[in-house]
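Peer 1: Dropping a structure here in structure tokens format, bear with me for questions.
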Amino acid sequence: MEAHLEMYGKRPILFLDEIQNIEGWEKFARRLADEKYKVYITGSNAKMLSSDIQTTLGGRYITINVYPYSFREFLEVHHTVYDELSLLSTESRAAVMNRFIDYFHNGGFPEGALLAAKRNYLTSVYQKIYLGDIAARNGISNTFGLKIMIKKLAESVKQPVSFNRIANIVSTTGSKLSTTSAIKYVEYAESAWLLQRINNIAAKLAEKESNSKYYFTDNGILNLFLIDGNTSLLENLVAISLIRQFGREDSVFFYNKGVEVDFYIPEEQWAIQVSYSIKDPETKERETDALIKLFKVLPCKRLLIITFDEEGILQTNSDIEIEVIPIWKWLLKETQ
């Protein structure tokens, strides 16, 4: 910093990457802040902003959570036009849909966005997270149990899962896992940003924390574990897009009390169901009934069913209007 000042006559902007690997980094960062330096600090673990570190930094920071590309960003990096006028063109609409299929199955990691063969890249990213950011960083010796746990969470991505159930499922494979270890492993996976948790807004406090839904931060990583998993990928993409838009904690919920609704956003009073298709009358009735029942329990300004490619407006017998919108169009309209 002294050399930079001598050479250029002004203070540098400082970038400290993967700073959580350096013990006591927060004290150095606090000193820089006190001396009015402009500093960008990046790290791949949520624990870098633990309560102790927040106390040391003393409110002298703004946190920005960085996610993989949104669908809009994915289109932009591919130079694909997606404004309303261009989508009226058959050719432009087809180009957007082709990009969406890629994004839907392979996710939005920036480094992999332009690769032709993405699966090997995604596998290497997952191995780095699983072995490095979770197992090695936290001293986990039961790596097989951790691996099975992540696989089972991927297969259960649409369902609430308790820590007891996670431990029991892993234990049936021959790798013993206690409930206490399951709690720690899930926490480690969340801290490494592999998983994102949402809670049941209708549950009591203890159940909120112990019977949550877990989604993968990127569809490409989730898809490594799935066979014919389009319904899971659809709900996962909606979940991550909502968390990206409204925040990671206490902003996005699901509702499960007599009826289950996939997502509820208190800030906007949105209720959202996700269904690959509602062409089947039974599926359509199930999804609409759940939204109508929630409408009578919680304030709802907007009821929405997100599908893969179906669109329309449903008028119910209760004079309640439900929007039906395809996922790709919803991503372009609603999310940033």
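The values are calculated or read from the model by the stated rules, or taken from the named source; none is laboratory data. Keep in mind the model is a prediction, meaning the values are calculated, not measured. Positions of Cβ are generated from backbone atoms using ideal geometry, with glycine treated the same way; all protein chains shown enter the neighbour counts. Surface accessibility is based on the protein's heavy atoms, side chains included, excluding ligands, DNA and RNA. Shrake-Rupley method; radii C 1.70, N 1.55, O 1.52, S 1.80 Å.
Peer 1: Which value, in debye to the nearest 20, describes the size of the charge dipole of the chain about its Cα centre when Lys and Arg Cβ atoms bear +1, Asp and Glu Cβ atoms bear -1, and nothing else is charged?
Peer 2: 980
Peer 1: Further question on the same structure: Sorting Ser156, Ser212 by accessible area (1.4 Å probe), largest first, what list results?
Peer 2: Ser156, Ser212
Peer 1: Separation of the stretch 1-71 and the stretch 159-195 by C-alpha centroid, Å?
Peer 2: Centre-to-centre (Cα) distance: 32 Å.
Peer 1: List the pair-distance distribution P(r) of the stretch 184-271, using every Cα-Cα distance, as the percent of pairs falling in each 5 Å bin from 0 up to the bin containing the longest distance, rounded to whole percents.
Peer 2: Taking all Cα pairs of the stretch 184-271, the binned fractions are 3, 14, 24, 25, 21, 11, 3, 0 percent.
Peer 1: Continuing with the same structure: Considering only DSSP beta bridges with both partners in the chain, what is the antiparallel share in %, to the nearest 5?
Peer 2: Percent antiparallel among DSSP bridges in the chain is about 50.
Peer 1: Now a separate question. Give me the percent of DSSP beta bridges within the stretch 175-310 that run antiparallel, rounded to the nearest 5.
Peer 2: In the stretch 175-310, approximately 60 percent of DSSP beta bridges are antiparallel ones.
Peer 1: Taking the Cα centre of the stretch 1-160 as origin, sum charge times position over the Cβ atoms of Lys and Arg (+1) and Asp and Glu (-1), and report the length of that vector in debye to the nearest 20.
Peer 2: About 440 debye.
Peer 1: Something else: For the chain, what relative contact order do you get, as a whole percent, if you take Cα pairs closer than 8 Å and at least 6 residues apart?
Peer 2: 13
Peer 1: Rolling a 1.4 angstrom probe over the protein heavy atoms, how many square angstrom per residue are accessible across the stretch 269-336?
Peer 2: Accessible area per residue, the stretch 269-336: 51 Å².
Peer 1: Springs between alpha-carbon pairs under 10 angstrom, Gaussian network model over the chain: which of Val125, Val39, Val81 fluctuates most?
Peer 2: Val39
Peer 1: Where the centroid of each part is defined by its Cα atoms, how far is the stretch 78-145 from the stretch 237-267 in Å?
Peer 2: 22
Peer 1: Further question: Rounded to the nearest percent, how much of the accessible area of the chain (1.4 Å probe, protein heavy atoms only) is carbon and sulfur?
Peer 2: For the chain, the apolar C and S fraction of the accessible surface comes to 51 percent.
Peer 1: Still on this structure, I have one more. Grab the DSSP H runs of the chain that are 4 residues or longer, score each as -39,500 (n - 2.57), total them, divide by all residues and round the 222 nm result to the nearest 500 deg cm²/dmol.
Peer 2: The helix contribution divided over the chain gives -12500 deg cm²/dmol.
Peer 1: Accessible area per residue for the stretch 1-92 in Å², computed with a 1.4 Å probe and the full protein assembly in place, what is it?
Peer 2: 72
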